[in-house]
Amino acid sequence: MKKIALTLLGSALLTACVTTPKPTELPKGTYHYTVDTPCADHLTLKVGESISVQVYDNPSTGYSWEVTGAQKFDAKSAYIDKLPTKVPIIGAGQDTVFIFTAKSQGTDQISLHHGPGWQPLSPAQWSCKVTVQ
């Protein structure tokens with residue numbers, strides 16, 4: 001009886017491992033950068049492929065990130081939660097990722113600027129020249 005129970009348990013575990021879907025992989029052609037890593041000299045993407053850029057952001061200082069260019073891309077930003085607690089800390093910074101997904105063909109320049117909102121646009125902290133095919 002014990003042998004049968006172990007056999008059934010082993011079969012159930014093996015079946016669960018086989019039928020569990022693998023986590024989805026990022027599509028080929030997704031490029032990941034941080035604001036401190038330069039973009040390739042001239043990057044070529046296909047429509048639907050993406051570039052992600054991770055930056056540190058602390059809006060409580062009055063400084064923020066602004067995107068210029070990127071007309072050939074759908075641009076989104078997402079907060080990355082690295083804190084062990086879900087309770088927000090007032091005045092604390094956070095990592096943010098900008099995701100640029102190519103939507104139309106052509107050449108474009110994506111630039112990220114960091115500075116105070118009350119002053120003219122600062123020089124680009126990160127930029128990338130991209131051709132979308």
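Close amide-amide hydrogen proximity is noted between C39 and S127, each under 5 Å apart and 5 or more residues distant or on a separate chain (H modeled in the peptide plane; Pro and chain starts excluded).
The slack in the chain from T30 to T107, taken as 0.36 nm per residue of separation less the alpha-carbon distance, amounts to 26.0 nm.
Each value in this text was obtained by applying a stated rule to the coordinates, not by laboratory testing. Every value quoted in this text rests on a predicted model; they were computed, and no experiment measured them.
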